[in-house]
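In what follows, a structure is listed as C-alpha cells, so that the remarks can point back to it.
The values are calculated or read from the model by the stated rules, or taken from the named source; none is laboratory data. Model, not experiment: these values are computed from the prediction. In this analysis, Cβ positions are derived from the backbone assuming ideal geometry, glycine residues included, and neighbour counts consider all displayed protein chains.
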Amino acid sequence: MQELRNVPNENKKEAGQKINEAKQYIENAIAEKLAEIKEKEIEMLINATESYDETMPVSVDYGSYHPITLVQREVENIFLSMGFNVEDYSEITDDYNCFEALNIPKHHPARDMQDTYYLSSNQLLKTHTSAAQNTILRKYKSNLESGNPIRAIFPGRCFRNEKIDACHENTFFQMEGIMVDKDISISNLIYFMKTMLSEVFQRDITVRLRPGFFPFVEPGFELDIQCSICGGKGCASCKDSGWLELCPCGMIHPNVLTAAGIDPEEYTGFAFGLGLTRLAMMKYEVKDIRLFNSGNLKELSQFTDVSFTHPEESKEA
Ligand code: FA5
C-alpha cells in the first residue's frame, strides 16, 4: 500500500484493486486457519485423556499481599510503637460524621470537592477518613479525664467522584491520625510526620509544608512529597508539578473538639490525613495509581516478600 504512491497515475487504479484483492486473500486465509486451529483445540480438549480435577491442591504460589496492605501495616506498626491505637471504621457513614461534625455545615463550599455516592436514609460512602474523627474522639474522651492523651490512627477506603488520572482514583485509601492532650502543638505534629516518613522510606526524601485550608483544622497544612518517579522534574504521576500532595494536617479546630464533647480551652490536638495509596505509589515507584485497583496480579505481587502457599502445601512443608 505504501508503494502505491510511486505507481504511475494511469496504473494506480488497477494496482490498488490488485493490492486489495491480495489483502482480502491473506485476511481470509488467516481467519480460516485460526478457525481450524480453534476447532482442533476444542477437539483435543474433548478427547483429552488427562482431566482437570479442581479439588486438587494448587501447586503454584497462592497469592501475595497488596502493596497498599504492605504500606498500611508498616505505618500501623510505626504508630503502634508510639502508643497509638489502630481503629477500624465503616465505609458507610452519614452527613453528620463526614461533614457537619468536621465544621463543614450544609452548603459549605468545601463539600464541592468531595462528592460521593449518597445512599438512602442520609447515608453516604465516606469521602475521607476524617469522617471517623468524631466517633474516635468520643470513644477515647475518657482518656483525657484520667490524664492520658488520645492517640489513634484509623486507615480506610475512601470514595470520591473524581476525574481519574495517574494520581487520582475514585476509590483510594487514607490513614487518619489524631492526638489530643493538654499542650499539644504544631511541633508535636511535625515530629510525628517526620518520624513516620523517615521510617517508611528509610532513605532521604524531600517534603515541603505549606499552608492548606481544611475547615476542621486551624491552622492547616499541606504536606507534599517530592515525586519519586521523576525526582521532582515533573511527570504524569505528579501532574508535571514535581510534587505530590501526600498528607494534609493541622491543629484540630476548636469546633471539632466541642462537637465531640471535649473542651478546646483545656485540650488541643493535631490531625493528619495520610494518602495511603499515594504513599504506596511513592514508596514502590508506581507510575500510575490505577495499577492498585487493576487486579493485575503479575505486577501487584512484585512488592511483597511474603507469598502464600496453599494451606495443604505448607502443611506438607
Ligand atoms: C482530606 O481528605 C482531609 N480529610 C485530610 C486531613 C485530615 C486534613 C486531617 C487535615 C487534617 P484531601 O482531600 O487533600 O484531604 O486528601 C488527603 C490525601 O488523600 C491527599 O493528600 C492525597 O494523598 C489523598 N487523596 C485525595 N484524593 C485522592 C484521590 N482521588 N486519589 C488518590 N489519593 C487521593
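Pairs meeting the criteria (first residue in segment 156-175 and under 13 Å from THR277 (Cα atoms) and free of Cβ contacts under 8 Å to residues at least 12 places away in the same chain, second residue more than 9 Å from the ligand (Cβ to nearest atom) and in a loop (DSSP other than H, G, I, E, B), beta carbons under 8 Å, at least 6 apart or on different chains) are ASN170/ASN161.
Residue-level analysis places ASN296 outside the set of residues that are modelled with pLDDT of 95 or more, in the same structural domain as PRO219 (by TED's automatic domain parsing) and among the polar types (S, T, N, Q).
Among the strands (runs of 3 or more DSSP E) confined to segment 118-187, the ones with at least 3 residues that are near the ligand (Cβ under 10 Å from one of its atoms) are located at 171-181. Scanning segment 68-99 for residues that are within 14 Å of the ligand (Cβ to nearest atom) and not β-branched (Val, Ile, Thr) yields GLN72, TYR89, ASN97, CYS98, PHE99. Of the candidates LYS182, LYS194, LYS106, the single residue that is exposed (fewer than 15 other Cβ atoms within 10 Å of the Cβ), basic (Lys, Arg) and within 25 Å of the chain's Cα centre (by Cα) is LYS194. Checked against the criterion of being closer than 15 Å to CYS98 by Cα, free of Cβ contacts under 8 Å to residues at least 12 places away in the same chain and either in the same structural domain as ASN77 (by TED's automatic domain parsing) or not basic (Lys, Arg) (or both), the candidates SER142, SER146, SER121 yield just one match: SER121. Number of residues in segment 204-238 that are in a loop (DSSP other than H, G, I, E, B) and either within 12 Å of the ligand (Cβ to nearest atom) or over 21 Å from CYS167 (Cβ atoms) (or both): the value is 6. In segment 89-98 there is no residue that is touching an Asp or Glu at 6+ places or on another chain (Cβ under 7 Å) and under 24 Å from PHE213 (Cβ atoms). Inside segment 239-281, residues that are in a helix (DSSP H, G or I) and more than 9 Å from the ligand (Cβ to nearest atom) make up a count of 7.
Total residues in segment 188-218 satisfying the condition of being among the basic types (Lys, Arg), in contact with a Phe, Trp or Tyr (Cβ under 8 Å, 6 or more places away or on another chain) and over 23 Å from ASN103 (Cα atoms): the figure is 1.
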